[in-house]
Amino acid sequence: MSHSPNLRIPGPTTLPESVRAAGSRQMVNHRGPEFKALLGRVTAGLQRGFRTRNDVILLTASGTGALEAVVVNFLSPGDPVLAVSIGEFGERFTTIATTFGVDVTRYATEPGRAADPAVVAERLRSMAAAGAPARAVLVTHNETSTGVTNPLAAIATAIRQESPEALILVDGISGLGALPFETDEWDLDVVATGSQKSWMSPPGVAMVSVSERAWTASETARSPRFYFDLRAARRSARSGETPFTPAVGVCFALDAALELIEAEGYEAIHARHAAVGAATRAGLQAMGFRLFADPAHASDTVTSALLPDGVDWTAFGGELRRRGLVIAGAQGTLAGKVFRVGHLGDVQVEDILRALETIEAGALALGIPVTRGVAVEAARVAAAAVSGRRLAMSGSRS
Ligand SMILES: *Cc1c(COP(=O)(O)O)cnc(C)c1O
């Protein structure tokens with residue numbers, strides 16, 4: 001699908017036509033039968049997307065609201081918690097926990113690197129040896145600030161071996177719905193995501209899955225909570241409602257988006273993201289940009305690359321914007337050093353090829369010495385190779 005301008009940031013993402021139309025529908029009574037049916041449908045769809053039988057709660061909030069909900073519902077001041085942080089969003093989750101008085105032990109990697117499951121296990125061992133076994137582990141699935149996907153299945157296995165009772169609390173905001181993800185199989189207690197990332201919907205609704213182990217913990221957790229009290233949300237959800245007025249329009253949009261997602265199927269969606277990820281990385285590299293993320297853990301929803309020496313981000317981003325392409329800069333310590341291309345949600349390889357063409361033209365206009373005329377072909381080849389591999393894999397299984 002073609003969009004103008006080409007919005008290639010890691011959320012909000014462009015909306016398919018049917019999602020936009022759904023979002024502009026007339027309001028309904030949020031305590032009436034239409035909304036009740038909608039909430040049931042969306043919740044069931046999300047459970048399939050999360051691959052879980054756990055409750056999925058909808059919150060009217062951005063993703064950060066969901067992270068705060070995770071902290072206040074399942075943790076108490078003074079709780080020893082391991083925070084696995086591989087970038088800005090890991091830092092944000094950590095900061096929310098310390099804000100509420102949680103006793104955080106940080107395991108932070110160098111930006112651009114994924115977490116090592118063996119180190120997670122080792123940190124949990126030393127916390128236990130010091131007499132403060134971790135009550136929970138905070139971990140990011142896909143670190144949007146650096147374009148790195150953590151090996152979450154292996155990390156969860158390490159946590160379960162080392163600290164079977166610890167709650168696994170996951171920021172899944174920019175990966176869920178685009179990347180392979182198994183809430184129940186990986187035994188993840190709480191998983192948060194947001195409508196504006198891979199779910200092809202406008203911002204405004206955050207979604208959180210909660211395991212029975214986590215619900216039990218919520219009964220004794222002592223952090224103050226009111227708007228984000230998930231127990232109230234669970235009670236209301238049983239009668240098809242939310243405790244407070246929900247973002248009805250965003251829910252309409254999310255319902256339409258889930259319909260598109262299920263029509264395409266998660267396997268095809270994962271393959272499409274693998275293809276656009278490979279295309280983006282190959283195209284940028286062929287032009288001469290240096291990729292920032294560890295290639296072994298490069299994300300298929302967002303790609304980070306280094307700005308060449310002497311190139312000013314504001315000038316580069318501005319030049320691309322004038323040419324109809326919107327990409328993202330970086331946050332925190334990476335600001336001015338790294339740029340990011342989002343490729344999640346409603347995105348096809350064609351959109352990436354167009355973005356690469358614009359990046360090439362914009363870079364040349366600014367006198368950045370990129371290699372001319374090779375990016376699009378490299379991207380096409382990389383995308384085809386991924387699709388070919390996927391086909392071969394599915395062929396060998398049947
Ligand atoms: C976008 C994002 C967030 C923050 O979500 P908001 O909706 O901006 O509050 C948190 N974590 C990750 C990994 C994200 O990609």
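Computed from the coordinates by the stated procedures, all read-outs in this text should not be read as laboratory data. Given the structure is predicted, the values throughout are model-derived calculations rather than measurements. All Cβ positions, even for glycine, are placed from backbone atoms using ideal geometry, and neighbour counts span all protein chains on display.
Checking each residue in region 200-216 for being within 16 Å of the ligand (Cβ to nearest atom) and either among the hydroxyl-bearing types (Ser, Thr, Tyr) or crowded, with 24+ Cβ neighbours inside 10 Å (or both) picks out MET200, SER201, VAL205, ALA206, MET207, VAL208, SER209.
Just one of (1) surrounded by fewer than 24 Cβ atoms within 10 Å (Cβ to Cβ); (2) within 16 Å of the ligand (Cβ to nearest atom) trips up SER163, so point out which. Single failed check for SER163: (2).
Beta carbons closer than 7 Å, at least 6 apart along the sequence or on distinct chains, pair a first residue in region 82-111 that is basic (Lys, Arg) with a second that is within 16 Å of the ligand (Cβ to nearest atom) for ARG92/THR64; ARG92/LEU67; ARG106/ALA83; ARG106/SER85; ARG106/THR94.
If only residues of region 72-92 that are closer than 23 Å to VAL250 by Cβ and within 20 Å of the chain's Cα centre (by Cα) are counted, the one that is nearest to the ligand (Cβ to nearest atom) is PHE89. Considering (1) crowded, with 22+ Cβ neighbours inside 10 Å; (2) closer than 30 Å to ARG20 by Cα, the lone condition that GLY329 does not fulfil carries the number (1).
With respect to the conditions (1) outside any helix (DSSP H, G or I); (2) among the acidic types (Asp, Glu); (3) surrounded by fewer than 16 Cβ atoms within 10 Å (Cβ to Cβ), GLU241 falls short on a single one, namely (3). Among the residues of region 247-284, those identified as surrounded by fewer than 24 Cβ atoms within 10 Å (Cβ to Cβ) and in contact with a strand residue (DSSP E or B) (Cβ under 6 Å, 6 or more places away or on another chain) are ALA247, VAL250. Report whether or not PRO180 is part of a loop (DSSP other than H, G, I, E, B), within 15 Å of the chain's Cα centre (by Cα) and more than 16 Å from the ligand (Cβ to nearest atom). Taking the combined requirement at face value, the residue satisfies it.
Yes/no matrix, rows are residues, columns are (1) within 18 Å of SER239 (Cα to Cα); (2) in contact with a Phe, Trp or Tyr (Cβ under 7 Å, 6 or more places away or on another chain):
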| site | (1), (2) |
| --- | --- |
| VAL19 | no, no |
| GLY23 | no, yes |
| ARG41 | yes, no |
| VAL71 | no, yes |
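Among the residues of region 344-397, which ones are among the polar types (S, T, N, Q) and more than 20 Å from ILE269 (Cβ to Cβ)? Selection gives THR358, THR371, SER396.
Within region 173-199, which residues are of a type in the set (A, V, I, L, M, F, W, C), farther than 18 Å from ALA44 by Cβ and surrounded by 24 or more Cβ atoms within 10 Å (Cβ to Cβ)? If the condition is that a residue be of a type in the set (A, V, I, L, M, F, W, C), farther than 18 Å from ALA44 by Cβ and surrounded by 24 or more Cβ atoms within 10 Å (Cβ to Cβ), then ILE173, ALA178, LEU188, VAL190, ALA192 are the ones that fit. Considering the conditions (1) within 16 Å of the ligand (Cβ to nearest atom); (2) within 19 Å of ALA83 (Cβ to Cβ), ALA136 is excluded by exactly one of them, (1). The number of residues in region 121-158 being hydrophobic (A, V, I, L, M, F, W, C), in contact with a helix residue (DSSP H, G or I) (Cβ under 9 Å, 6 or more places away or on another chain) and in a loop (DSSP other than H, G, I, E, B) comes to 1.
If you go through region 226-244 and pick out every residue that is of a type in the set (S, T, N, Q) and closer than 11 Å to GLY40 by Cα, you end up with 1.
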